[in-house]
Amino acid sequence: MKVEPQDEVVRPVTVGERANNPQSNPARRWWIAVLAFVIVVAIVISGILPRIHARAALDKETAEMAIPTVSVVHPKRGAPSEEAVLPANVQAYIDAPIYARTNGYLKTWYVDIGAHVKAGQLLAEIETPEVDQQLRQARADLATSEANLNLSKITTDRYAGLLQSDSVSKQDADNAAGDYAAKQATVQSAQANVKRLEELQAFEKIYAPFAGVISARNTDIGALIDSGSSGGSRTELFHIVQPDKLRVYVSVPQAYSQAAKPGLKADLVLPEFPGRIFPGTLVRTAQAIDQSTRTLLVEIGVDNPTGTLFSGAYAEVHLKLPNASSAFILPVNALLFRSEGLRVAAITDGQHAELKPVTLGHDFGSEVEVVAGLSGDESIVINPPDSIVSGEEVRIAQPTAASGESQK
């Protein structure tokens, strides 16, 4: 039996079959490759970019940390006047010891310590038996000399008359005249000796040289009085002071010496008068620095009409010293000690430091006075790093609320 061939039935190709056929769509393969490449690049970039950003951030942070952060203060202008408190010694305007000018024994004294005396008032009397005896002997010697002088004058006159009649020689007349001249000199010497002893006898009475207060009496009735003329030690009989005006001596440190000028006002404070001030005025200075203490001795005059203040007292003097108008006050921790000299780090443009040389005045402990090198409008770095140099970039720290309240 013969089988007839059947016609082939054409079956359409499905989409899945077309996809499974690699040769059916070349464009699709290209797009897949591109997509895979993009995915790989995205993965690579997503891994590298964070590292790049992290490194950039690290470099930026390192650069920022390399810029030092500093705190600043503004210079304070110094006060127009400054008060210096210095120890002082109070002395009477006139202070004198009274000694004897003759030897003997104290007969009596009329004043004691604390007595107010007037000028010329009798203070004591001294018995001087030896001086009295010497005075009597000197007067007797003077009488003898005067008698010899009278006799010599008579002889000279007689010889002068006889010489006119050539009754005596010229030599005898000259001898008589010379003897008369010698007797005159002897009388003058005796008169001077009597005068000296009379003045020495007048020293038996001791008088006050000026009006004041007796601050010491170092003798008593019957005490041996030695004037020191015989080589012995002299003893002060009385001590007198004039307390109505006082001299106050102060040793001013060399740093203040140029400001201590006559006419400055000074207040005197004593521990026995708490809260009370005694005004005074600087009247003179020594005009020289004491090499042993490096101080200038000044004298301050204080009126004491009622005698409230005692001479010899210890006091504190408050001197009102003028300050230089260009002086500024800085904390000591703003100073930089460099080999080229003293410097401070100033911020002038808000970003960069500039090292400025300064000249110091007075040292107040935690603060110092700057008399040269600043204009007053700078911002001064406190606690500057030792490595800071001019032109270095810095960052100014912002004050915190706590520091702002503390500054207020």
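Points to keep in mind about this one:
- Yes/no for I126 being touching a residue at least 24 places away in the same chain (Cβ under 8 Å) and crowded, with 19+ Cβ neighbours inside 10 Å: yes
- Taking the conditions (1) touching a helix residue (DSSP H, G or I) at 6+ places or on another chain (Cβ under 8 Å); (2) modelled with pLDDT under 80; (3) of a type outside the set (K, R); (4) within 22 Å of Q258 (Cα to Cα) in turn, L296 satisfies each one other than (2).
- Filtered residue count, segment 311-344, keeping only those that are modelled with pLDDT under 85 and either among the small types (G, A, S) or in contact with a Cys (Cβ under 9 Å, 6 or more places away or on another chain) (or both): 7
- Flag for S375 being touching a Leu at 6+ places or on another chain (Cβ under 7 Å), at pLDDT 75 or above and hydroxyl-bearing (S, T, Y): no
- The single condition among (1) under 30 Å from Q398 (Cβ atoms); (2) aliphatic (A, V, I, L, M); (3) crowded, with 17+ Cβ neighbours inside 10 Å that V317 does not meet is (1).
- Of the listed requirements (1) open to solvent by 60 Å² or more (accessible area, probe 1.4 Å); (2) at pLDDT 90 or above; (3) basic (K, R), R247 misses just one: (1).
- Which listed residue, of P75, P87, P97, is under 30 Å from E198 (Cβ atoms) and either under 38 Å from the mean Cα position of the chain (by Cα) or open to solvent by less than 30 Å² (accessible area, probe 1.4 Å) (or both): P97
Each row is one residue, and each column tells you yes or no for (1) under 30 Å from V131 (Cβ atoms); (2) in contact with a Ser or Thr (Cβ under 6 Å, 6 or more places away or on another chain).
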| position | (1), (2) |
| --- | --- |
| S145 | yes, yes |
| N148 | yes, no |
| S152 | no, no |
| V168 | no, no |
| N175 | no, no |
| D179 | no, yes |
| A182 | yes, no |
| T186 | yes, yes |
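- Residues that are open to solvent by less than 60 Å² (accessible area, probe 1.4 Å) and under 45 Å from the mean Cα position of the chain (by Cα) within segment 106-121 comprise V111, D112, G114, A115, V117, G120, listed in sequence order.
- Output for segment 351-360, where each listed residue is farther than 12 Å from V381 by Cβ and open to solvent by less than 40 Å² (accessible area, probe 1.4 Å): V358
- When we screen I225, I221 for residues that are touching a strand residue (DSSP E or B) at 6+ places or on another chain (Cβ under 8 Å) and under 17 Å from E130 (Cα atoms), the only hit is I225.
- Among the criteria (1) open to solvent by 90 Å² or more (accessible area, probe 1.4 Å); (2) at pLDDT 85 or above; (3) more than 59 Å from the chain's Cα centre (by Cα), the one H53 does not fulfil is (2).
- Pair list, Cβ < 6 Å and 6+ apart or interchain, from segment 149-177 residues that are free of Cβ contacts under 8 Å to residues at least 12 places away in the same chain to residues that are part of a helix (DSSP H, G or I) and of a type outside the set (A, V, I, L, M, F, W, C): V168/Y159
- Filter pass, E236 being under 30 Å from R101 (Cβ atoms) and in a loop (DSSP other than H, G, I, E, B): yes
- Within segment 169-219, considering residues that are touching a Lys or Arg at 6+ places or on another chain (Cβ under 6 Å) and more than 28 Å from H239 (Cβ to Cβ), the one most open to solvent (accessible area, probe 1.4 Å): Y180
The values are calculated or read from the model by the stated rules, or taken from the named source; none is laboratory data. Values in this document were obtained by computation on a predicted structure and should not be read as measured data. Positions of Cβ are generated from backbone atoms using ideal geometry, with glycine treated the same way; all protein chains shown enter the neighbour counts. Just so you know, the surface numbers come from the protein's heavy atoms only, side chains and all, with ligands and any DNA or RNA stripped out. Shrake-Rupley method; radii C 1.70, N 1.55, O 1.52, S 1.80 Å.
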